[in-house]
Structures are given as structure tokens and as C-alpha cells.
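*Asks:* Here it is, the structure in full.
All of the numbers you see were taken from the coordinates with simple rules; none came from a lab. Since the model is a prediction, treat every value here as computed from it, not as a measurement. Counting neighbours? That spans all protein chains shown, and the Cβs are built from the backbone with ideal geometry, glycine included.
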Amino acid sequence: MMDNKILYGDCADTLKSIADNTVDLIVTDPPYGYSFMHLDWDKALPSLESLKECLRVLKPGAFAFIMASPRQDVLARMICRLQDAGFETGYTSIYWAYATGFPKANSTSMLVDKRAGVERDVIGVAKANKNKNMINGANHNKTIGGEYNITAPTTEEAKKFAGAYNGFNPKPAVEIILVCMKPLTEATYIDQALKNGKGVTWLKDCKIPYASDDIVADYHNVPNMKNGNYGQGKHEYCDTITYPVDQNGRFPANLLVSDDALNDGHKSVSKEGIRISGESALGQNAGWNDHKNKAYGTL
């Protein structure tokens, strides 16, 4: 056991000091591999060797939660690398939504004027937030709490591309948490759980609390669908299914919400009761935190 110890170094090396099948959980935020802000440490994804070490030390059926970029090229490579290391990846990712991301976008108009070697007209000055980064157009000049010029196109060619940005780089609003597992050594999830307590996640502890006791009835009716499940037969409602409501709250979603990112301030009403749309409508951190913030609605 190595309780209360921090190992400092390259995990491909430091993990070698840990015995096989002894780690209960891995939660990590590794480099994303797209050279963010031209930083050297972010030029590459975690090595296959380091991921194999992570797999080796995990107990069979134990999970790993790995942060990853939503950018498609590096995300795809990261998933493939986890599979190559031996992880099971057939699970739903968690999407972390936030309001503080900023785009890594190049102004096409500014680059056209720069190539032409002309100065752009300064039409205003903007101030960057004292705590947040601002990217100044094509040059990626990072300003924290400073000022930067707002300019207008000079050349006719640049004017054609006013408001255009190279490629597709919208403001990032989510990051991906990849969920993967060390393969089971037992025949089923139940057998693995009985063997070493792994292969399961304690989702009941992540239930999203209801907004108030007023909207939680002893029993709750849900419309049923004719001809079986969704996607089968006609989508017509008939009768209802009645089942006891879980007093602990709603089942957690695969969405984490921070910075009040989904709050549009509007109230909406459904058959199940009143909820506040956006104000953590899916639950602040979607029920994955300590439930200090309440979700709204009965489903």
C-alpha cells in the first residue's frame, strides 16, 4: 500500500513501483496533444507505454476517467490509444459544459491585411478580463487584464472576409471525460463485483436532488408507447406506467455543468411540475458533486 504518498515523475516510470492489480481508480487530466498556446508539454498525447502502465496497476474491472479534448483528430487518436493499451472503451463519455472557454481562432481578414503588409485602422480599444485570457486576432497575442485594439479591414480583399475565421474554431463549451475500464477477469459484471467489488459504478450516490418536496409524489405516471420501445412501431402514447419515485432524486446524466453555463433565466412548465430552465436544469455538475446545488423537475 502507498497511502497518502505523491509520486512525482513520468508515469511510465513511476508507476513501475506499483504492483499489478492494486489501484482502484484512475482520474487524470493528461496533455491533449494539440499544442495549446504553443506550449511544449501539450504537443503529444500520453504515450502508449504510460497508458499500458495505467492498465497494469488497475484492478480488473476498475475504471479510469480521462480528460480529453473535443477536437476530433486528437480525441479519436486518444480513444484508439486507450484501446491499443488494452482498455475497454465501450462506455458513454461525460461532457463537461462550462462558460469560460475562449476560441483559438484566426481572423481571415486580419491575415489578408498582414500578408499585404498594410496597417489596419484602429476603431476602438477593448479591455481583457483581469482574470481571463483574450486572444487578439491573427497574432494570438495573449492579454490578461490588459487592452487590445479593435481594427477594421484595410484592403478590399480583407473587406471581403470581414467576420470570417480560418477553419472551424468556435468557442469551446465542453471538454470530454473518456470513461474506460480494465477488462473483467470474471465471466460477468456480477461475478466481477462479487470477486473484488469492481466493474460497477455507484451512480445512486450521484442522484440529482429534486427542486422541492412539492413536486415529488408518492407515485409518478409516465406515458407509455404503443408497440413497445421508442423507435419501434407508431409513436403514439397510450395508458401510463406507474412506478414509485426514487426519493433520492433523478438518475445522473452524462453532462457536468459548471459556471451556471446552461442558465437562461427562463422558467418552463411541464406535466411533471415546474422547473427553472438552465439554472442547472440537468443539475449543477449533473448530480456528480455533493448536491449543494439542486436540480429542477421530476425526471
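*Asks:* Testing the spin-label approximation: label points 7 Å from Cα along Cα→Cβ at A152 and D40. State their distance in nm.
*Replies:* Modelled inter-label distance: 4.4 nm.
*Asks:* Can you compute the modelled spin-label distance between S17 and N196, with each label point 7 Å from Cα toward Cβ, in nm?
*Replies:* Once both label points are built, they end up 2.2 nm from each other.
*Asks:* On full extension of the chain, what length is gained from N263 through K52, given 0.36 nm per residue of separation minus the C-alpha to C-alpha distance?
*Replies:* Gain in length upon complete extension: 71.9 nm.
*Asks:* Separate question: As a quick test, which of the pairs K16/K52; K59/K204; K52/K182 have an alpha carbon distance above 18 angstrom in this structure?
*Replies:* K59/K204
*Asks:* Rounded to the nearest 0.05, what FRET efficiency is calculated for D24 and N169 with R0 set to 30 Å and r the Cβ-Cβ distance?
*Replies:* Once the sixth-power term is evaluated, E becomes 0.20.
*Asks:* Taking the Cα centre of region 57-111 as origin, sum charge times position over the Cβ atoms of Lys and Arg (+1) and Asp and Glu (-1), and report the length of that vector in debye to the nearest 20.
*Replies:* For this selection, approximately 120 debye.
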